[in-house]
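Note sheet for the following structure.
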Amino acid sequence: MTGSPDSTLFRKVVCVDLDDDSPPTDAAAALRLIQDQRSATARRLDPDARLLYWPWGVAWLVGFGLFFLRFPPGDQALAHLPGWLPLTVLFVLLAAAGATQAVVSVRAYGQVTGDSARRGQWYGYAWALGSVSVYAGLGRISEHLPHDLAALLWSATAVGLTGALHMAGGAVWLDQDLFRLGVWISVINLIGAIAGPGWHPLVVAVAGGGGMLVAGALARRRQRQRQQP
Amino acid sequence: MTELDPVIHAQARLRVVASLSALNVGDKIAFPRLQELLAMTAGNLSVHLRKLEDAGYVEISKTHRGRTPATLVGLSRRGRLAFEEYTEAIHALLDPAPSKEQP
């Protein structure tokens, strides 16, 4: 937050005589004090939305993009990459996105407890337990499938679960950006699944990853409007 | 004209209450983090919090995080209401009801 044009404003607010028990000079000063203090607090407690959306968008764009280039429809790879590379890159980037989200959230909300913290915690459990239970079933089926169908099954299920949980998150926090992103992910997952093996990762990379980047920019814009004093 | 709530109508306490009002309903913030947000000394903040707590506007709970004791501060329902009324009164002072100005 430091270095932003807002920081001068914040400094002005905190330099008010702190031991002063006297009332604000007039009604206008009182209103300014309220607005400045509320927006400064919101800025400090609300992490930059881009840091929550963009790392996942990049992971999908690059990870699924590489997967499409290596395993496109048909037998001919579009790029000569080692077969292990796309999934490795995808999982490394997803792990990095998760770590970024954890650090950013703890910094912002770490010292706040109560209903919000409980919501976040339960939502996290839904992701963890939901993923484990779904993938355990998939693992037992996919070994009996040909490579392209197994890949489609895994990615369509993972993307579908992500879409559903984003919608659920939107419902929990009444966050329309999050909810709309969930709807978008679910719809493009459907389109990718209909398009079939080979095409699904392309749809997820471009429309899914791109959608997350757009959603992050929109969420950031809304956040800035909300934090205007 | 409505009287302004004397508990909130002091610069330091108004800043404390305004900050706490930015938390979601049902949330509390750790004392050191609040202190950092307000850039107040611990002693000064404690004094004002006590006045707010005496008025029933602020709820303070002591708990443990692992082995370290932690003090959590949040606005009570009454405090949130009082802050909203105060803000409305300020708005009314700045912008008196337009109906009065109509001929």
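Every read-out reported here was derived from the displayed coordinates using simple, explicitly stated rules and does not represent laboratory data. Just so we're clear, the structure is a prediction, and the values are computed from it rather than from any experiment. Cβ sites come from the backbone with ideal geometry, for glycine too, and all protein chains shown count toward neighbours.
Using the Cβ atoms and a cut-off under 11 Å, what net charge is assigned to the surroundings of A:Asp48, where Lys and Arg are +1 and Asp and Glu are -1?
Charge balance in the 11 Å sphere: +4.
If a/c stays under 1.5 just call it rounded; otherwise compare a/b with b/c (prolate if a/b is bigger, oblate if not). Do that for segment A:103-229, with a ≥ b ≥ c from the square roots of the Cα gyration tensor eigenvalues.
Note, shape of segment A:103-229 comes out oblate.
Once phi is turned into ³J(HN,Hα) by the Karplus curve 6.51 cos²θ - 1.76 cosθ + 1.60 with θ = phi - 60°, what whole-Hz value does each residue of segment A:172-185 show in order, with x for glycine and proline?
5, 9, 6, 10, 5, 5, 5, 5, 5, 4, x, 4, 4, 4
Averaging the inverse of every distinct alpha carbon separation and then flipping it gives the Kirkwood radius. What is it for segment B:11-89, in angstrom units?
One over the average 1/r among Cα pairs gives 12.7 Å for segment B:11-89.
For a quick protection proxy, order the peptides A:26-35, A:162-171 by their average other-Cβ count within 10 Å, most packed first. It would help to have the intermediate numbers written out before the result.
Numbers: A:26-35: 16.7, A:162-171: 18.5.
Per-residue mean Cβ counts within 10 Å order the peptides as A:162-171, A:26-35.
For segment B:1-66, which GluC sites (Glu not before Pro) pass both filters: DSSP loop (anything but H, G, I, E, B) and at most 12 other C-beta atoms within 10 Å?
Qualifying residues, ordered by number: B:Glu3.
In what sequence do A:His144, B:His9 fall when counting other Cβ within 10 Å, fewest first?
Fewest-to-most ranking of A:His144, B:His9: A:His144, B:His9.
Find the Cα radius of gyration of the protein assembly as shown, compare it with 2.2 N^0.38 Å by division, and give the number to two decimals.
Relative to the 2.2 N^0.38 Å estimate, the protein assembly as shown comes out at 1.27.
Quick one: which residues, 5 or more positions from B:Val58 or on another chain, have an amide H under 5 Å from its amide H? H modelled 1.01 Å from N in the peptide plane, none for Pro or chain starts.
Those qualifying (amide H under 5 Å, at least 5 residues apart or on another chain) are B:Glu53, B:Ser76.
Hey, got the average number of other protein chain Cβ atoms within 10 angstrom for residues in A:41-47?
Counting other chains' Cβ atoms within 10 Å and averaging over A:41-47 gives 4.
With springs connecting C-alpha atoms under 10 Å apart, model chain A as a Gaussian network and identify which of A:Ser131, A:Ser155, A:Ser105 has the largest mean-square fluctuation.
Comparing A:Ser131, A:Ser155, A:Ser105 in a Gaussian network model of chain A, the most mobile one is A:Ser131.
Of A:Leu161, A:Leu145, A:Leu213, which has the largest mean-square fluctuation in a 10 Å C-alpha GNM of chain A?
A:Leu145
Across segment B:70-81, in residue order, what do the Karplus-derived ³J(HN,Hα) couplings come to in whole Hz, using 6.51 cos²θ - 1.76 cosθ + 1.60 with θ = phi - 60° and x for Gly and Pro?
In residue order, the calculated couplings are 10, 10, 10, 10, x, 7, 7, 4, 5, x, 5, 4 Hz.
Let me spell out the model: positive unit charges on the Cβ of Lys and Arg, negative unit charges on the Cβ of Asp and Glu, origin at the Cα centre of segment A:49-227. What dipole size does that give, in debye rounded to 20?
780 debye
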